[in-house]
Amino acid sequence: MQTEKVVDYIVNWLKDYATKAGVKGFVIGISGGIDSAVTSTLCAKTGLQLLCLEMPIHQAPSQVSRALNHINWLQENFDDVRMTQVNLTPVFDSLVASLPAVDNEEDRFMSLANTRARLRMTSLYYFAALEKLLVAGTGNKVEDFGVGFYTKYGDGGVDLSPIADLLKTEVYEIAKYLGVNQEIIDAQPTDGLWGDDRTDEDQIGASYPELEWAMKMSEEGKTADDFTGRQQEVFNIYKRFNTANKHKMIPIPVCDIPSELK
C-alpha cells in the first residue's frame with residue numbers, strides 16, 4: 001500500500017465531501033482504539049473543524065485514558081480540534097432500570113451492549129445537528145463488509161466512512177505513518193461495549209489478520225472443504241459471521257407493491 005498517497009487521498013476526499021455538503025467539519029467518537037484514532041487524525045488533517053466526543057458508559061479506565069491522551073495529541077498537533085466529554089453512564093443506567101425484566105439474561109446482556117453504541121450514536125448526531133458537522137464513521141473493511149462486527153444504527157449509524165475500504169492491518173499501517181500514540185497501536189482491539197477487558201478476538205474467535213485471509217478466500221470462491229485445521233476453523237468463523245450479519249451490509253429491504261395492486 002502506498003501509505004502516504006492513501007492518506008492524502010482520504011484527507012482530500014473528506015475535505016471535498018464536507019465542503020460540498022456545506023458543513024463546518026466532523027464529529028467523531030473517540031474510544032481509545034485504533035480505528036477512531038486513525039479516522040479522527042485523518043479528519044483533523046483536513047483543517048476543518050473536528051469535535052471529538054469521549055462518551056464513557058461504565059468504561060474501562062485504560063480505554064478512557066487512551067482516548068483522552070489521543071485527543072490531547074490531536075489538539076497539540078492540529079488546529080481547530082475541540083473535545084467534549086459526555087458521561088452516558090447515568091443515562092444508560094436509567095434506561096436499564098426502566099426496562100422490564102426478561103427470562104434470558106444472556107440475550108438481555110447482548111441487547112444492552114448494542115444499546116450503548118446506539119446511545120453514543122444519538123449523542124454524536126445531537127452535536128452534528130447543533131454545530132453543522134458530519135458524523136465520521138470508524139469502521140474498517142473487514143468489520144463493515146466482512147464479519148459485520150458493529151452495531152446496526154449504533155457505530156454503523158454515520159454520515160460517511162473514511163476507512164471502510166481499508167483492512168484492519170492497513171489501518172495499523174496508516175496509524176504508524178500518522179504518528180498515532182504507541183499505546184493505541186499496542187492495545188488489543190475491543191468494541192468497548194461490555195465494561196470489561198474482552199477483546200474483539202475473544203468475541204469473534206479469530207484475529208483480524210486471520211479474518212482478512214478468510215475474506216480474501218471467500219471472495220475467491222473458496223469453501224470450507226478447501227482447508228483443514230485452523231484455516232478451516234477460521235474460514236467457518238468468517239462465513240458464520242458474514243451470513244448472520246448480512247442484514248447490516250445490504251440496503252434495507254423494501255416491499256415493492258405490484259402496480260396492479262395500487
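Nothing in this text is a laboratory measurement; each read-out follows from the coordinates by a stated rule. Just so you know, these numbers come straight off a predicted model, no measurement behind them. Here the Cβ is made from the backbone with ideal geometry for all residues, glycine too, and neighbour counts use every protein chain on show.
Listing for the model above:
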| item | result |
| --- | --- |
| Within region 210-244, chymotrypsin sites (Phe, Trp or Tyr not before Pro) in DSSP loop having at most 12 other beta-carbon neighbours inside 10 Å | none |
| Separation in nanometres of the label points that stand 7 Å from Cα toward Cβ, at Leu261 and Lys132 | 4.5 nm |
| Charge dipole (debye, nearest 20) of the chain; +1 at Cβ of Lys and Arg, -1 at Cβ of Asp and Glu | 720 debye |
| 25 °C / 0.890 mPa s Stokes-Einstein diffusion coefficient of the chain, Kirkwood radius on C-alpha pairs, µm²/s | 125 µm²/s |
| Sites Leu68 and Tyr125 - FRET efficiency at Förster radius 25 Å, r taken between beta-carbons, to 0.05 | 0.65 |
| Rg/Rh ratio calculated on Cα atoms of region 73-199 (Kirkwood radius) | 0.98 |
| Förster radius 30 Å - calculated FRET efficiency between Asp103 and Ala244, Cβ distance, rounded to 0.05 | 0.85 |
| Cα-based reach from Lys246 at 25 Å (exclusive), listing lysines while leaving out same-chain residues under 8 positions away | Lys141, Lys152, Lys168, Lys216, Lys222 |
| Expected 222 nm ellipticity per residue - DSSP helices of 4 or more, -39500 (n - 2.57), all of the chain, to 500 | -16500 deg cm²/dmol |
| Extension gain from Gln182 to Asp165, taking 0.36 nm per residue of separation minus the Cα-Cα distance | 3.8 nm |
| Candidates per GluC sites (Glu not before Pro) in region 177-226, loop by DSSP, up to 12 other Cβ within 10 Å | Glu220 |
| Prolate/oblate/rounded call for region 205-251, Cα gyration tensor, a/c under 1.5 rounded | prolate |
| Contact order normalised by residue count of region 3-200, Cα under 8 Å, 6+ apart, percent | 27 percent |
| log10 of Debye I(q)/I(0), alpha-carbon scatterers only, for region 77-142 at 0.26, 0.28, 0.30 Å⁻¹ | -1.21, -1.28, -1.34 |
| Base-10 log of normalised Debye intensity for region 151-242 (one unit scatterer per alpha-carbon) at q = 0.19, 0.20, 0.26 Å⁻¹ | -1.11, -1.18, -1.34 |
| Eligible lysines near Lys132 by straight Cα distance, threshold 19 Å, same-chain separation 8 or greater | Lys15, Lys20, Lys24, Lys45 |
| Region 1-102: relative contact order as a whole-number percent, Cα under 8 Å and 6+ apart | 26 percent |
